[in-house]
1. Tell me which residues, restricted to segment 55-91, are of a type in the set (A, V, I, L, M) and more than 11 Å from Leu7 (Cα to Cα).
2. Quick one: would you say Leu55 is closer than 15 Å to Asp11 by Cα and under 16 Å from the mean Cα position of the chain (by Cα)?
Amino acid sequence: MTRLLVLGLLDERPMSGYDIQQMIRGADAERWGGVLVGSIYHALKKLEQEKHIALIGVEQTGHRQKAVYKITDQGKKHLQSLILDSLCASS
């Protein structure tokens, strides 16, 4: 579910891990989706290694740096397969 949510959010617009965490918290996905916000960075790392997302830049915010990711064409195909798998599993 974490990979599905991360890819789905990045399909809307490029985001940092922190931005994704805030969106997931705001949607209460921890409760209804069983997604732990701490698992987001692990998912980002794996998705980047698998070429489903790409790092497009690093933003400086105060004393912190935020890596910003975007979904790749391969990632869009993977997202579609995750959605189909999720729909089949739930029915």
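Values in this text are rule-based calculations from the coordinates and carry no lab data. What you see is a predicted model, and the numbers here were worked out from it, not measured in a lab.
1. Of the residues in segment 55-91, the ones of a type in the set (A, V, I, L, M) are 55-56, 58, 67-68, 71, 79, 82-84, 87, 89.
Within segment 55-91, Leu55, Ile56, Val58, Ala67, Val68, Leu84, Leu87, Ala89 qualify.
2. Working: closer than 15 Å to Asp11 by Cα: yes; under 16 Å from the mean Cα position of the chain (by Cα): yes.
Considered against the rule, which asks whether it is closer than 15 Å to Asp11 by Cα and under 16 Å from the mean Cα position of the chain (by Cα), Leu55 comes out as yes.
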